[in-house]
Amino acid sequence: MKKYNVALIGCGQMGAAHMEKIYYKENVNIKYVCDLEILKAELFKRKFNAENAVTDYNKCITDANVDIVIIAVYPSLHLTILEKCLEQKKHIICEKPIAANKEDGERFVKAVKANTESKVLIGHILRHNKTYQKAAELIQSGTIGKPIVMRMVQNHHIMNSKRYLKLLNETSPIIDCGVHYMDIMQWFTNEKITDISGIGARVDDNIPKDKYNYGLATVKLSGGSIGYYEAGWTNTLSATDTKEFVGPLGRIKITYAKDRTCNSEEGDLIELYRYPEKVYETINVQCDRKPCGDQFDYLIKMIEKDAPATPSIDEVQESFDAVLQADTEIRKSMNI
């Protein structure tokens, strides 16, 4: 078994999610953990048994012994770090969204396509989530028929205002996780997004004048399916997580294990309603909500067996372009 030397750039929430799932793997050695704040890097070094803690990501990237770089910083740095990694022929897992703007996103995609010797996997973690894989299988097999109505909500009642304000200066709620759900709409239906609209609001007064912290994007797809994605980061919204898919032959609703009122030990719940039988079915899925370990294993499959990226870089760009368009429509509606 080949052992891979891994460097993590960004010791924040997602950096921890990656490390927690891979540091114990037999084929992994954590060579570097890197963060601008050395205390964070040192903490990660101790916690995940890393060899080195540094503040300069160039040290990680230029070390010839490093095989894989995990990029878990804010989107505005993704392109710069990606290009440096590709220059050094590293394999890469990069968190979403791929960039902070359309121009950088296009450069990012072009760079990935031009450097095929480096395997690049974007952190669309739900593609590696067993619950979503099962839901995709049910919908694609015609279980609930077509067209599909997709209802997706991910609202945050913020407790760490400093963190969310920093994130808001980088991106919007619709862009940040919206890339996941635009991708899901196309993945589940095998259709392409054709029309996008959106509305938004500034729910709190303490956010920058040119920002919004609540948005709702509506989408039409090529096969007649439709969907919406609602996302907000505010002091007053309730934390809400809705994932429901409705067709003429039934309905699928996903409830995470953490949100189940009972039987949470059974894992995530997929509730399937069949029509016209008017029958309910319960499907339990043992699933890691953020399966960074499975995602890492898939990158190894790309490296060792030349498996295609999932989603492909073209699919990544499609979902990124979709949320950028939704964000533009929301800003127009708000005159910001």
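For segment 300-325, which positions are under 17 Å from the mean Cα position of the chain (by Cα) and in a helix (DSSP H, G or I)?
Selection gives Ile313, Asp314, Glu315, Val316, Gln317, Glu318, Ser319, Phe320, Asp321, Ala322, Val323, Leu324.
Yes/no per residue for (1) of a type in the set (Ser, Thr, Tyr); (2) more than 19 Å from the chain's Cα centre (by Cα); (3) on the phi > 0 side of the Ramachandran plot:
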| residue | (1), (2), (3) |
| --- | --- |
| Glu230 | no, no, no |
| Asn235 | no, yes, no |
| Pro248 | no, yes, no |
| Thr261 | yes, yes, no |
| Glu271 | no, yes, no |
| Arg274 | no, yes, no |
| Glu277 | no, yes, no |
| Gly293 | no, no, no |
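Across segment 112-124, the number of residues qualifying as among the aliphatic types (A, V, I, L, M) and either open to solvent by 50 Å² or more (accessible area, probe 1.4 Å) or assigned to a helix (DSSP H, G or I) (or both) comes to 2. Please go through segment 221-268 and pick out each residue that is without any contact (Cβ under 8 Å) to a residue 24 or more places away in the chain, over 17 Å from Met152 (Cβ atoms) and touching an Asp or Glu at 6+ places or on another chain (Cβ under 9 Å). The one that is without any contact (Cβ under 8 Å) to a residue 24 or more places away in the chain, over 17 Å from Met152 (Cβ atoms) and touching an Asp or Glu at 6+ places or on another chain (Cβ under 9 Å): Arg260.
Pairs linking a residue in segment 269-298 that is in contact (Cβ under 8 Å) with a residue 60 or more places away in the chain to a residue that is in a helix (DSSP H, G or I) and polar (S, T, N, Q), with Cβ atoms under 8 Å and 6 or more positions apart or on different chains, are Ile270/Thr131; Val285/Thr131; Cys287/Thr131. From the list Lys332, Lys290, Lys258, the one residue that fits, being over 28 Å from Ala16 (Cβ atoms), open to solvent by 20 Å² or more (accessible area, probe 1.4 Å) and among the basic types (Lys, Arg), is Lys332. When restricted to residues that are within 15 Å of the chain's Cα centre (by Cα), under 26 Å from Glu37 (Cα atoms) and basic (Lys, Arg), segment 89-128 contains 1.
If you check Asp288, Asp297 for being part of a helix (DSSP H, G or I) and not small (Gly, Ala, Ser), only one passes: Asp297.
The residue that is most open to solvent (accessible area, probe 1.4 Å), counting only those in segment 12-27 that are of a type in the set (A, V, I, L, M, F, W, C) and in contact (Cβ under 8 Å) with a residue 60 or more places away in the chain, is Met14.
Given the structure, is Lys134 free of Cβ contacts under 8 Å to residues at least 24 places away in the same chain and either part of a helix (DSSP H, G or I) or crowded, with 20+ Cβ neighbours inside 10 Å (or both)? No, not satisfied.
Among the residues examined, Lys192 does not qualify as open to solvent by 10 Å² or more (accessible area, probe 1.4 Å), modelled with pLDDT under 95 and charged (D, E, K, R).
Close contacts from segment 114-128, counting a first residue that is more than 30 Å from Met152 (Cα to Cα) and a second that is in a loop (DSSP other than H, G, I, E, B), with Cβ to Cβ under 7 Å and a gap of 6+ residues or different chains, come to Glu117/Lys89; Ser118/Lys89; Ser118/Lys90. Residues in segment 252-279 that are within 20 Å of Pro147 (Cα to Cα), part of a strand (DSSP E or B) and among the hydroxyl-bearing types (Ser, Thr, Tyr): Tyr273 alone. Assessment of segment 270-281 against the conditions (hydroxyl-bearing (Ser, Thr, Tyr) and under 30 Å from Glu117 (Cβ atoms)) yields no matching residue. The listed residues are Glu244, Glu271, and the only one of them that is open to solvent by 30 Å² or more (accessible area, probe 1.4 Å), in contact with a Lys or Arg (Cβ under 7 Å, 6 or more places away or on another chain) and closer than 18 Å to Tyr132 by Cα turns out to be Glu271. Filtered by the rule that a residue be under 18 Å from Leu121 (Cα atoms), more than 21 Å from the chain's Cα centre (by Cα) and among the acidic types (Asp, Glu), segment 45-88 gives Asp67, Glu87.
The values are calculated or read from the model by the stated rules, or taken from the named source; none is laboratory data. The shown structure was predicted, so the numbers you read here are calculated from the model rather than taken from an experiment. Don't worry about glycine lacking a Cβ; one is built from the backbone with ideal geometry, like all the others, and counts go over all protein chains shown. Ligands, DNA and RNA are stripped out before the accessible areas are found, and what is left, the full protein with its side chains, is counted by its heavy atoms. Shrake-Rupley method; radii C 1.70, N 1.55, O 1.52, S 1.80 Å.
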